[in-house]
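First comes the structure, then the notes that go with it.
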Amino acid sequence: MEDRPLADLFPPATRERWLGLVDGVLKGADFEKRLVGKTADGLRIEPLYDAAEPVAQPMRAPGPWRIAQRVDHPDAGTARTLAMADLEGGADALTLVFNGAPTARGFGLDVADASALDTALDGVMLSLIAIRIDAGGHGLQAAAAIKALAAARSEPLSGLDLDLGLDPIGTFAATGTLGADFGAALARTLTEFDADGFSGRACLADGRPYHAGGASEGAELAAVLATAVAYLRALEAGGHDLGRARDAIAVLLVADTDEFLTIAKFRAMRRLWARVEAACGLDPKPLRLHAETAWRMMNRRDPFVNILRTSMAACSAGLGGADSVTALPYTAALGLADAFARRVARNSQIVLIEESNLARVADPAAGAGSFETLTQQLTDTAWAAFQAIEREGGIVASLRAGQVQTDIAATRATRAKDVATRREALTGASEFPFLAEKPVTVLDVPPVDAPPVPFTGGETWTCAALPAHRLAEPYEALRDASDAYLAKAGRRPAVFLANLGAVAVFNARSTFAANAFAAGGIEAVNEDGFTEAAALAEAFKHSGARIACLCSADSVYATHAVSAAEALKAAGADTIYLAGKPGDLAAPLEAAGVAAYLYAGCDLLALLDQALGRATHS
């Protein structure tokens, strides 16, 4: 028997052979439309990539990334209890969130309470964990508080892995207010801390305001890079040499559910920063790169799906080289997370690190054609956008002029359209909604609105604040209206599914319609198929619904849809929909009373808004 490698017995795998097989499957369909995706930045996502040569870049050292948990309970004693449980349960980093910070969302420690920080960190050995402060406009006060706490405990600043998290520009983007002397305040604070042995990071270029505002990956990177460069200039102008100024800056990027783009984004950030270092005449060093899972991807409805989202995002950030990862609890959109939700957030990362061993390689995406290509494309796109910001006078000038906000608004509008048409599917909200979901628990702590606080006193600049929206909010508003109707009427708004023909014929569109209407909180009244218009009309009368949707195959519509619509109208249907497109029947269907068409790619939000209004009016 011939002794040859198995692979030698088959023709070599080439792109040409693959394309030939693809053509056979597509059967003349457009390759670009079917198989090539586009990112929000317009970057191509190919179905197949060739192997690539790894690109050398500064990365996190091999080993686990830090598992960070937010300390954000307003009561310092309870915050301590939760934080200790996190540390004992596997977390090794804490983010100290103070009320008034844009990302505190109404919660957080009280920066005005001198004892709050001491109480919240009682029993925590500061030198054994990493600490990051998230205080927004209260950043200087929070930094002073941690410094005083370290001194009171005789903990030298030189022994702490500490990020002061001072981000006046990010706070400006999120709140619309900024003290004009922020740069001098940053430099002065770093001087004071360094005099006491501090060697950590004072400034944070934070991508969360831009991501929550709707930014694309390239726009987030560009804004963060421009912010980091602004801090670099401010620290140098305040008397710090470029090497120390560079080391005093950290970056936080948002990790989203798209694993390819998230990994590429984190890798691109390190390349972008290396370009800045080279331009400054500095030898590149690994950037301190933090990650937090995305606020905008979180659902209030069917929140357990958020566990999958945050796990994927945390995994992608870790694989992309993040030094620390904060996974938002799956109930974050509903309120302040309890101990169980916090446990799930940290345990998902423990599984990734300890059981899946995903942190053993410094840069696992190196050499993969898809990741190398996307990383370079994002690097080039973000660099060009960064240069555009610089030409506008820098990130502060661009924000004051509204240019950053305008660019992000255009992307946000496109994404909103994609959400409305379900081109961007939201599991649990626009896709596979679950009307019988059971409520989950959050802590009984109401959020408190805190007015924006400028980072420093004196002259204050203003800009249009970026909004912080979640993608699922429009669908959640419809579901809230449905809940209100349920509480008032004792039943949900209903749609009668007028199934025509046999089950095998109508089932696909009937199932599609039931799920689509459920996204708006409208419950489907599903019947067997009908062949007689009179029986259909009688069933509708007994359903209790005010609206109806015809469901069947196009061939059945051709012979039965018009008469069925007429029968439903005569039976009192307020509004009639049809699952599918009308084709040549548009005019007769409209004359028979069909108001709109439900199909993949339609504006589902607009249809559901109309349907909910018709289904609930008295």
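The values are calculated or read from the model by the stated rules, or taken from the named source; none is laboratory data. Remember, predicted model here, so these are calculated numbers, not experimental data. Using ideal geometry, Cβ is built from the backbone for each residue, glycine included, and neighbour counts are taken over all protein chains shown.
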Kindly indicate whether any position in segment 396-415 is closer than 30 Å to Ile67 by Cα and of a type in the set (Lys, Arg). no
For segment 149-212, please list each of the helices (runs of 4 or more DSSP H) lying entirely inside it that holds at least 2 residues being of a type in the set (A, V, I, L, M). 168-175, 182-195
Working only within segment 151-163, note down all residues that are among the aliphatic types (A, V, I, L, M) and either surrounded by fewer than 22 Cβ atoms within 10 Å (Cβ to Cβ) or modelled with pLDDT under 95 (or both). Ala151, Ala152, Leu157, Leu160
Working only within segment 142-184, note down all residues that are closer than 17 Å to Val229 by Cα and either more than 32 Å from the chain's Cα centre (by Cα) or among the polar types (S, T, N, Q) (or both). Thr171, Asp181, Ala184
Quick check on my filter: what residues within segment 164-183 are among the aliphatic types (A, V, I, L, M), crowded, with 21+ Cβ neighbours inside 10 Å and either touching an Asp or Glu at 6+ places or on another chain (Cβ under 7 Å) or over 24 Å from Trp65 (Cα atoms) (or both)? Ile169, Ala173, Ala174, Leu178
If I ask for residues that are crowded, with 24+ Cβ neighbours inside 10 Å and either touching a Cys at 6+ places or on another chain (Cβ under 8 Å) or part of a helix (DSSP H, G or I) (or both), which ones from segment 57-81 would you list? Ala79
Residue match in segment 116-138 (condition: among the basic types (Lys, Arg), within 21 Å of Ile350 (Cα to Cα) and touching a residue at least 12 places away in the same chain (Cβ under 8 Å)): yes
Taking Leu48, is it surrounded by fewer than 22 Cβ atoms within 10 Å (Cβ to Cβ), free of Cβ contacts under 8 Å to residues at least 12 places away in the same chain, over 30 Å from Glu292 (Cβ atoms) and aliphatic (A, V, I, L, M)? no
Mind listing whichever residues of segment 257-271 are in a helix (DSSP H, G or I) and either farther than 13 Å from His211 by Cβ or of a type outside the set (Lys, Arg) (or both)? Glu259, Phe260, Leu261, Thr262, Ile263, Ala264, Phe266, Arg267, Ala268, Met269, Arg270, Arg271
Answer yes or no: is there a residue in segment 313-326 that is polar (S, T, N, Q) and more than 20 Å from Val254 (Cα to Cα). no
Helices (runs of 4 or more DSSP H) contained in segment 322-415 and holding at least 1 residues in contact with a Gly (Cβ under 6 Å, 6 or more places away or on another chain): 339-350, 369-391
What pairs come up if the first residue lies in segment 473-488 and is within 27 Å of Gly213 (Cα to Cα) and of a type in the set (A, V, I, L, M), the second is modelled with pLDDT under 95 and buried (at least 18 other Cβ atoms within 10 Å of the Cβ), and their beta carbons are under 8 Å apart, counting only those six or more places apart or on different chains? Ala481/Thr616
Can you go through Leu282, Leu287 and tell me which one is surrounded by fewer than 20 Cβ atoms within 10 Å (Cβ to Cβ), farther than 23 Å from Pro439 by Cα and in contact (Cβ under 8 Å) with a residue 40 or more places away in the chain? Leu282
Whether any residue in segment 82-103 is assigned by TED's automatic domain parsing to the domain that holds Arg208, in contact with a Phe, Trp or Tyr (Cβ under 6 Å, 6 or more places away or on another chain) and modelled with pLDDT under 95 is what I want to check. no
Among the residues listed as Asp206, Asp241, Asp247, the single one being more than 14 Å from the chain's Cα centre (by Cα), under 15 Å from Pro102 (Cβ atoms) and in the same structural domain as Gln376 (by TED's automatic domain parsing): Asp206
Tell me, which residue of segment 451-465 that is of a type in the set (Gly, Ala, Ser) and surrounded by fewer than 19 Cβ atoms within 10 Å (Cβ to Cβ) is farthest from Val419 (Cα to Cα)? Gly458
With respect to the numbered conditions (1) assigned to a loop (DSSP other than H, G, I, E, B); (2) without any contact (Cβ under 8 Å) to a residue 12 or more places away in the chain; (3) farther than 24 Å from Ala468 by Cα, which one is the sole condition not fulfilled by Ala425? (3)
